[in-house]
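Read the structure below first, then the notes.
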Amino acid sequence: MTIDPLIATAFSFLHGASHAEEIAQTAVALGFTAIGIADRNTLAGIVRAHQATKDAGVRLIPGARLVFRDGTPDIAAYPINRTGYARLCRLLTLGKSRAIKGECHLDLPDLLTHAEGVALLVTTTPGSRLDETLATLAQTKRQEAWLAVTRFYTATDTKTLQVTAARARHHRIPLLATTDALTHAPERRPLQDVMTCIRLNTTIDRAGLALAANAERHLKSPTELARLFRDHPDAIANSQDFGSLCQFSLDELSYQYPNEPIPQGTTPDAHLAALTWQGAAARYPAGIQPKLRATLEKELAMIAQLAYAPYFLTVHDIVRFARAQGILCQGRGSAANS
């Protein structure tokens, strides 16, 4: 199994510089069987990535790169089942509810509370509390945590990789080779530089060391990854375990409306039908004409087929409350009336 498990798309706002479609097509051309997409503190682009990978013919391992405020290194979280996906969604909701729009405030304890059913890939974020984080994860999620290693083509790559491997051995957490890609191809680097400047409110001339040192944070072939990590083959081999564990797919999700309170012993469709005929009788006290009756029966059948009755019951509750409070409630058009 050949996997690149840590890729950002343009939904990592002003960080990633490639679209999911470009990433998926490039991954197939390079020979990957699966890719892990994890954008910064969001699942906003995961549906587009899901469709792009299906169209291209490569398996998607969906996730989110969690960026913490308490000094914890970035951790990419990948659901291994539907329950894990729900917990990851709740975690991101928690982080965003604490912050202003565009930000997400999370700490490591938040992740640990929501970590069941989620595989974790710890990154070597510079200046982070890496050892402390690895020690915590080793005590709580050793079988579902990996430490990402990446070659950035800098002068300290070899030494950094040796130190990282030693940390992984000490904490008994396996290594996992990644490109930590921000683009699908090296020629996209100029756009990524521009995005960095926009994010930092500076110019190309003034950005200096804030820009990437080279154009190497792009997808690389499995053969190239094997060459880069030839001294640490376990970092390549561990992708097999990672890919086997992370089997969750967005295909497992379906429409599921929240439970709407209804009278005991009835169903949403039956309750909606009862309210509909009550309303029709009140609107037409002289009797419901056959044509109108046929229309209502057709509409109720359509609603039942689509399982939309709970939504209509929610709207009914809102309208009933609004009218009881003297709030204007009229007209058509979902956007305006919402």
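This table checks each residue for (1) touching a residue at least 12 places away in the same chain (Cβ under 8 Å); (2) of a type in the set (A, V, I, L, M).
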| site | (1), (2) |
| --- | --- |
| Asn214 | yes, no |
| Lys220 | yes, no |
| Asp231 | yes, no |
| Ile236 | yes, yes |
| Gln240 | yes, no |
| Gln247 | yes, no |
| Leu253 | yes, yes |
| Pro268 | yes, no |
| Ala274 | no, yes |
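Per-residue answers, yes or no, for (1) in contact with a strand residue (DSSP E or B) (Cβ under 9 Å, 6 or more places away or on another chain); (2) assigned to a loop (DSSP other than H, G, I, E, B); (3) more than 28 Å from Ile61 (Cβ to Cβ):
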| residue | (1), (2), (3) |
| --- | --- |
| Gly208 | no, no, yes |
| Lys220 | yes, yes, no |
| Thr223 | no, no, no |
| Arg227 | no, no, no |
| Asp231 | no, yes, no |
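Before we move on, is Tyr311 open to solvent by 80 Å² or more (accessible area, probe 1.4 Å), over 30 Å from Val163 (Cα atoms) and in contact with a helix residue (DSSP H, G or I) (Cβ under 9 Å, 6 or more places away or on another chain)? So Tyr311 passes the test.
Checked against the criterion of being among the hydroxyl-bearing types (Ser, Thr, Tyr), open to solvent by less than 100 Å² (accessible area, probe 1.4 Å) and farther than 17 Å from Asp317 by Cβ, the candidates Thr295, Thr266 yield just one match: Thr295. The requirement of being open to solvent by 10 Å² or more (accessible area, probe 1.4 Å), of a type in the set (A, V, I, L, M) and touching an Asp or Glu at 6+ places or on another chain (Cβ under 6 Å) is not satisfied by Val47. The residues listed here are Ala38, Ala24; of these, the one that is within 15 Å of Leu88 (Cα to Cα), surrounded by 24 or more Cβ atoms within 10 Å (Cβ to Cβ) and of a type in the set (Gly, Ala, Ser) is Ala38.
For segment 132-151, the count of residues that are touching a Gly at 6+ places or on another chain (Cβ under 7 Å), more than 16 Å from Ile173 (Cα to Cα) and not β-branched (Val, Ile, Thr) is zero. Pairing residues of segment 180-201 that are farther than 16 Å from His19 by Cβ with residues that are open to solvent by 30 Å² or more (accessible area, probe 1.4 Å) and part of a helix (DSSP H, G or I), at Cβ distances under 6 Å and at least 6 apart in sequence or on separate chains, gives Cys197/Ile204; Leu200/Ala210. Per the listing Asp180, Asp193, the residue uniquely touching a Ser or Thr at 6+ places or on another chain (Cβ under 7 Å) and modelled with pLDDT of 95 or more is Asp180.
Per-residue answers, yes or no, for (1) in a helix (DSSP H, G or I); (2) within 19 Å of Lys220 (Cβ to Cβ); (3) in contact (Cβ under 8 Å) with a residue 40 or more places away in the chain:
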{"residue": "Pro5", "(1), (2), (3)": "no, yes, yes"}
{"residue": "Thr9", "(1), (2), (3)": "no, yes, yes"}
{"residue": "Ser18", "(1), (2), (3)": "no, yes, yes"}
{"residue": "Glu22", "(1), (2), (3)": "yes, yes, yes"}
{"residue": "Ala29", "(1), (2), (3)": "yes, yes, no"}
{"residue": "Asp39", "(1), (2), (3)": "no, no, no"}
{"residue": "Val47", "(1), (2), (3)": "yes, no, yes"}
{"residue": "Asp55", "(1), (2), (3)": "yes, no, no"}
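Taken together, the residues in segment 225-263 that are buried (at least 16 other Cβ atoms within 10 Å of the Cβ), more than 30 Å from Ala165 (Cα to Cα) and of a type in the set (Gly, Ala, Ser) amount to 1. With respect to (1) within 30 Å of Ile318 (Cβ to Cβ); (2) at pLDDT below 95; (3) open to solvent by 40 Å² or more (accessible area, probe 1.4 Å); (4) not basic (Lys, Arg), the lone exception for Tyr284 is condition (2).
The values are calculated or read from the model by the stated rules, or taken from the named source; none is laboratory data. Worth saying up front: this structure is predicted, and the values here are computed from it rather than measured. Reconstructed Cβ throughout: ideal geometry from the backbone, glycine too, with neighbour counts over all protein chains shown. The protein model used for the area step is the full one, side chains on, heavy atoms only, and it has no ligands, DNA or RNA in it. Shrake-Rupley method; radii C 1.70, N 1.55, O 1.52, S 1.80 Å.
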